[in-house]
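Take a look at the structure set out below.
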Amino acid sequence: MTLTLIISFALFVFLFALAIVFSRWPAWLKAILTAGVCAFYFFGYHSIYSLLGIPSSDALPERFLLIAAVVDEPTPKHAGAVYMWVTPIGEGKDQLEPRAYKLPYSRPVHEKIIDGLKKGKQGVSQMGTAEVKSGNGTGSSWINPGNDEQEIKIQDLPAPQAPEK
């Protein structure tokens, strides 16, 4: 799918380049078209970049199944990070596609993740919840949705209940 998007984007840019070079449009229209294609390039790059499997810095889903995690502890030269691979848990939705997330390092999250991974190795599936911390004062959640701090809780996944007959 990624290759298809890249090829279609290249074709799109090629067609606009032909329109700019060979058309008899006024110079101001060609300048606007050039600026639009350049702006679209950055939007397209960001969209394709998120499809490549690189951990997302977006906010975690509200409820998720913890599959795996790696904790990169901070050093004096490196801020550290928590990398999580999770599957969203939706109400009545079958979402089986896991996604990688990158969170800023914090000691409480580190401890919760390590405890959850230990239980996961013992065969107990782990479910997590992520809630946006209220009162952080940023007010920019609609501009940068992944930048709001989240409070993460990891707990045992409840056993599925069999429906009554």
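Summary of values
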| item | result |
| --- | --- |
| Inter-residue pairs, beta-carbon under 6 Å, first on the phi > 0 side of the Ramachandran plot and in segment 29-42, second surrounded by 11 or more Cβ atoms within 10 Å (Cβ to Cβ) and at pLDDT 85 or above, 6+ apart | none |
| Residue in segment 148-158 that is at pLDDT 75 or above and touching a His at 6+ places or on another chain (Cβ under 9 Å) present | no |
| ALA68, sole failed condition from (1) farther than 17 Å from LYS153 by Cα; (2) in contact with a strand residue (DSSP E or B) (Cβ under 6 Å, 6 or more places away or on another chain); (3) at pLDDT 90 or above | (1) |
| ILE89 being of a type in the set (A, V, I, L, M) and modelled with pLDDT under 90 | yes |
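Yes/no matrix, rows are residues, columns are (1) basic (Lys, Arg); (2) surrounded by fewer than 15 Cβ atoms within 10 Å (Cβ to Cβ); (3) under 24 Å from PRO104 (Cβ atoms):
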| residue | (1), (2), (3) |
| --- | --- |
| PRO26 | no, yes, no |
| GLY36 | no, yes, no |
| HIS46 | no, yes, yes |
| LEU60 | no, no, yes |
| LEU66 | no, no, yes |
| ASP72 | no, yes, yes |
| PRO88 | no, no, yes |
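The values are calculated or read from the model by the stated rules, or taken from the named source; none is laboratory data. Because the structure is a prediction, the values reported are computed rather than measured. Neighbour counts are summed over all protein chains in view; Cβ atoms, including those assigned to glycine, are modelled from backbone coordinates with ideal geometry.
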